[in-house]
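These notes concern the structure reproduced below.
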Amino acid sequence: MIILVILGFIAAGYLEIRSWQERPWQKVAVFLVLMGASALFSILLLINPDLPVPQPFAVIGSWLKKLWPGGGGS
Amino acid sequence: MREIVPDGQGRFLAVFYLVGNSLFLALGSRSGQDLWLAFLLAVVMALPLVVIYARMRVLLHREPLGPGLERLVGKWPARLAALLYTAYAWRLAGLVCSDMSNFIQAISLPTTPEVVLAACFALLALWGAKLGVEALARWASVMGKIVFTVLFGTLILLMTDTDFNQFLPIMYHGFQPVLHGALQLLDFPFLETVLLFWLFDCFQNKNSPYKVFIPGFLIAALGLFIISGATFAVLGAESYHPNYYFPLYSAVARIDVATFLTRLEAIVGMTLATGSFLKITVCLLAASKALSIALGFADYRFLVTPLALGLIPASQYFITTMMEIEASATKVYSPFVVLVHVVIPVFFWLLAEVRTRMGKGAKRAGQA
């Protein structure tokens, strides 16, 4: 499955870049980095479906919960 | 290339985006029988912020979003904010994708893997986003008429099963549930209007943002209020609850006109799927545009494909079950959402007003 996902991303990336009229290196680099990140994200989820979601605002959320217990949560 | 959306089509897009997937969740359910009061309070609380979003666009003076924002608030604050809104829009698209794939799996395709349904929506949104906001607004103005006609027809038929005594007694549990319901509505879907700020590149004239954002928000709020109210009047407070899934769908399933007109929930399901597609596409488009501003590119289209493909795993990541979907859509506050809905727009608006006035003052002094 992982190989299939990688092949899918390579095919989508190749077709997309081929369809561009101009290929400045900055655009190509950003595109490849983002495609790589998306592929990596898909593979990580395939390996571990319970991958934890980062909670950068969890501290503020728990502080708000203490401040107003009836208000629900983040 | 500048993409200019006519005001009428922009309004349709705003209404359709806000209604989007909202109706298949129990909006403002924490307020119980005081749902109508929660709606009124939420509209009163949201309107000033929607005016601020529109005012920010007016201050851009028909400049494209990226350069205009950099002129108003400075290069790096604009880019940092764009990066934050990219994350917000992309996450929201992932959540809507997850909602929709769960909904379809629960009601009609129980053996189809969710990821397949999410992939269909993500690829359709990729296509829509590649066509740009002009095509999307035209599509919204055509499909919106069909969807709103269906919803209006459903509303008329729902009237046969409504019991308005469900709204009584008024404020039996005090003001707290009303406030909870109103905050719930602000979080989802009212203040999601903020993404429209990042969606449109240019408007027809200087005051167009007011003509798109404010009526768009008010019409959507009125529509959601009427349909949620009717659903509540059919189901009652015990069933219009976060733990009771797809309230509108369940309410419409009860429609039975002389045993002839029944099973209308499939039509409502299709309208909800259409609205969700539009919402995912708007979020994807806003994420692509905001990311292009953050990275300093004039074109956004080359960013659509990786962001859209990333939506497929994202729909299986942020939220996985129906219970989590309901919990996320019916929460009262979330620090991240408060930051993107309230704190940053208000801060940028104040900064932009001060800079604009100082610029005008300097111009006048120069002329004198």
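Nothing in this text is a laboratory measurement; each read-out follows from the coordinates by a stated rule. This is a predicted model, so every value here is computed, not measured. Cβ: placed from backbone, ideal geometry, glycine included. Neighbour counts: every protein chain shown.
What do you get for Rg/Rh over the stretch B:242-368 if you use C-alpha atoms and the Kirkwood form of Rh?
Value, to two decimals: 1.17.
For the protein assembly as shown: lysine pairs with Cα atoms under 16 Å, gap of 8 or more or different chains, count?
Numbers: A:27/B:289; A:65/B:331; A:66/B:331; B:75/B:289; B:130/B:279; B:130/B:289; B:279/B:289.
Count of close lysine pairs: 7.
How do B:202, B:283 line up, fewest other C-beta atoms within 10 Å first?
Lowest count first: B:202, B:283.
Set Lys and Arg Cβ to +1 and Asp and Glu Cβ to -1, take the dipole of the protein assembly as shown about its Cα centre, and tell me which of B:202, B:155, B:253 lies farthest positive.
The residue sitting farthest along the positive end of the dipole is B:202.
Along each of its three principal axes, how wide is the spread of alpha-carbon positions in chain A, in whole angstrom units, largest first?
Per principal axis, max minus min of the Cα coordinates gives 55, 31, 14 Å.
What is the order of B:321, B:274, B:86, B:112, fewest Cβ neighbours within 10 Å to most?
Numbers: B:321 10, B:274 19, B:86 23, B:112 13.
Exposure proxy ranking, most exposed first: B:321, B:112, B:274, B:86.
With only alpha-carbon atoms in the gyration tensor, what are the semi-axes of the equivalent ellipsoid for the stretch B:68-131, in Å, largest first?
The three semi-axes for the stretch B:68-131 are 35, 12, 7 Å.
Rounded, prolate or oblate for the protein assembly as shown? Axes are the square roots of the Cα gyration tensor eigenvalues, ordered a ≥ b ≥ c, and the cut-off for rounded is a/c under 1.5.
It is oblate, given that a/c is not under 1.5 and a/b is not larger than b/c.
Give me a comma-separated list of calculated 3J(HN,Hα) values for the stretch B:78-86, in order, Karplus coefficients 6.51, -1.76, 1.60 applied at θ = phi - 60°, integers in Hz, x for any Gly or Pro.
5, 5, 5, 5, 4, 5, 5, 6, 4
Kirkwood Rh, Cα Rg: Rg to Rh for chain B?
Result for chain B is an Rg/Rh of 0.99.
Go through the stretch B:1-97 and name the trypsin sites (Lys or Arg not before Pro) that are in a DSSP coil and have 11 or fewer other Cβ atoms within 10 Å of their Cβ.
Numbers: sites: B:2, B:11, B:30, B:55, B:57, B:62, B:71, B:75, B:79, B:91; in loops: B:2, B:62.
Loop-located and lightly packed - B:2.
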